[in-house]
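Report on the following structure.
The values are calculated or read from the model by the stated rules, or taken from the named source; none is laboratory data. Computed from a prediction, not measured in an experiment: that's the story for all the values here. Cβ: placed from backbone, ideal geometry, glycine included. Neighbour counts: every protein chain shown. Accessible surface is based on the protein model in full, side chains and every heavy atom, while ligands, DNA and RNA are left aside. Shrake-Rupley method; radii C 1.70, N 1.55, O 1.52, S 1.80 Å.
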Amino acid sequence: MLSGVASEFTSRIRALEESVDMHTRNWRAGRYSAATEDDKFNVFRTLLADLVPHVHTYTALHFVLLPAGAMWGADSYVDGNTTYWGAMFQDKDGTTFNYYDSNEDGSVITDYDWNTPDKTFQNAQWVVNLDNTSSSSAAWTKPTLFTNNGYATHSRTIFQNGTFIGVQGGDMSLEFVGDVLRELKGTITYKSYLYAFGLDEAGDISMGCSIEWPTADLYRRDNDGKALGLLTLADLAANQTYEGWEPIRVLYAHLLRTTKSGTLFEYLSQTRPTTLELTLSDGVYLVQMNEVSSLNLRWGIVHFVLRDDILQALTQSNKKTIGTVAGVVSGGIVITVVFSFFLATALYRITRDLMLLSDFKFQDVFQKDLDKSSGIKRPSFSRIAEL
């Protein structure tokens, strides 16, 4: 069951990596330029043209120029069947980050949605992750909070004429993780729970689950409800009030028993069973774990399914199978008996005829009669031909 989730995650990861790589190559080939404001705006429109058909795969494409740390790029937000576009521009002085509403064709709505004075990105995680001495440096960020939502960002270094000038990046909203897990859960008839985590030695970071938000909130929040960060597996296990976190509490207890750090990061890094049986308040659950990885990215998927539901389904399936097999076998026996009777009769006749032929008793084997129409004698029948 987890193979479908892993495949969906992997396809999105690969798509964003390929997009960022393509734009990095365009920078290196001199097709993109950041020499003037118009040049940067042209790059923004190219990024938006890439983003529009892939909006359900990745969320934003952007570039940061260094050492100033100014950022430009295209952003999107999907609400039901409606997609909203955004343009990210730094002021000419490079110190104020502006977010404008945009149209799909790249035309920017004049009034900006919001801005942040003195905001630059030279210390952003997707920038400092990279080696600015290497033109092939590429990395993923850990799942992180940005503007009240969880994201994972892939980035690569930009070089022009052999000189490092900045970083090309792309964002993937973590909302799709929960969407994929809930979609899969809807196809499973057994009682089950699905969770996804960014594997991290300091604490596995919650990315999504099969439980609908806001029932399952994966963010740390202040008293006003503002998101401050993503919860870890240990944070979810500490929640004693919500029934949906019981599987995580039991899993965390198992991790504490089997690893030093109590993390999936350590558990899946070692040779350990990826299928377990863990007991919850309503029964024994089969637990399967899978990992998705690319470059430095490591995501873990955990699936709990109630064992009794599986056994009951197998029992019902076996009853149907036994009934079907019994019907086929009984029908086959009848056919076999009838076929065997005719075959045995034919073989008996052939044996008898061969014995007569061995004694040169041709007339007894080929009984001939006169064909009245042609006057030629021919066999009226042959037991061998009859077979």
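Grab the Cα-Cα distance for Tyr99 and Val55, subtract it from 0.36 nm times how many residues apart they are, and report the gain in nm with one decimal. Walk me through the numbers on the way to the answer.
Numbers: separation 44, 0.36 × 44 = 15.84 nm, distance 1.81 nm.
Once the chain is fully extended between Tyr99 and Val55, it gains 14.0 nm.
Report the full-extension gain for the segment Lys92 to Gln312: residue separation times 0.36 nm, less the Cα-Cα distance, to one decimal in nm.
Details: separation 220, 0.36 × 220 = 79.20 nm, distance 6.68 nm.
The Lys92-Gln312 span can extend by a further 72.5 nm.
With only Lys, Arg, Asp and Glu charged, each at its Cβ (+1 for the first two, -1 for the last two), find how big the charge dipole of the range 64-182 is about the Cα centre; round to the nearest 20 debye. Walk me through the numbers before you get to the answer.
Details: 5 positive and 14 negative charges, 113 e Å.
Computed charge dipole of the range 64-182: roughly 540 debye.
Tell me, what % of the accessible area of the range 19-163 is carbon and sulfur with a 1.4 angstrom probe? Spell out each step's value before the answer.
On the way: 3080 of 6970 Å².
Heavy-atom surface of the range 19-163 belonging to carbon and sulfur, 1.4 Å probe: 44 percent.
How many nm is it between the label spots at Gln160 and Asp217, if each spot is 7 Å from the Cα in line with the beta carbon?
Once both label points are built, they end up 4.5 nm from each other.
Within the set Lys119/Lys260; Lys142/Lys226; Lys226/Lys260, which residue pairs have Cα atoms separated by over 31 Å?
Numbers: Lys119/Lys260 40 Å; Lys142/Lys226 21 Å; Lys226/Lys260 33 Å.
From the list (Lys119/Lys260; Lys142/Lys226; Lys226/Lys260), the Cα-Cα distance tops 31 Å for Lys119/Lys260; Lys226/Lys260.
Could you check the spin-label model distance between Ala234 and Asn81? Points 7 Å from the Cα along Cα→Cβ, value in nm.
4.7
Measuring from label point to label point, each 7 Å out along Cα→Cβ, what is the Lys119 to Gln288 span in nm?
Each label point is offset 7 Å from its Cα along the Cβ direction, giving 4.2 nm.
Mind putting a number on the dipole of the range 3-133 about its Cα centre? Charges go on the C-beta only, +1 for Lys and Arg and -1 for Asp and Glu, and I need it in Debye to the nearest 20. Let's see the in-between values first.
Working: 9 positive and 19 negative charges, 92 e Å.
The calculation lands at about 440 debye.
How high is the relative contact order of the range 101-228, given as a whole-number percent (alpha carbon pairs under 8 Å, six or more residues apart)?
Details: 180 pairs, mean separation 19.3, N = 128.
Dividing the mean separation by the residue count of the range 101-228 yields 15 percent.
State, as an integer percentage, the relative contact order of the range 148-220 based on alpha-carbon contacts under 8 Å between residues 6 or more apart. Please report the intermediate quantities before stating the final value.
On the way: 95 pairs, mean separation 17.6, N = 73.
Rounded, it is 24 percent for the range 148-220.
Within 10 Å, count the other beta carbons around each residue, average over each peptide in 30-40, 135-145, 192-202, 233-243, and list them highest first. Present the calculation step by step, with values, prior to reporting the outcome.
On the way: 30-40: 12.8, 135-145: 18.5, 192-202: 22.1, 233-243: 15.7.
Listed from highest to lowest mean packing, they are 192-202, 135-145, 233-243, 30-40.
Work out, step by step, the length gained on full extension between Ser281 and Met22: first 0.36 nm times the residue separation, then minus their alpha carbon distance; give nm to one decimal.
Values: separation 259, 0.36 × 259 = 93.24 nm, distance 5.07 nm.
Here the segment from Ser281 to Met22 would lengthen by 88.2 nm.
Report, in whole Å, the centroid distance computed from the Cα atoms of the range 238-311 and the range 29-66.
After rounding, the separation between the Cα centres reads 40 Å.
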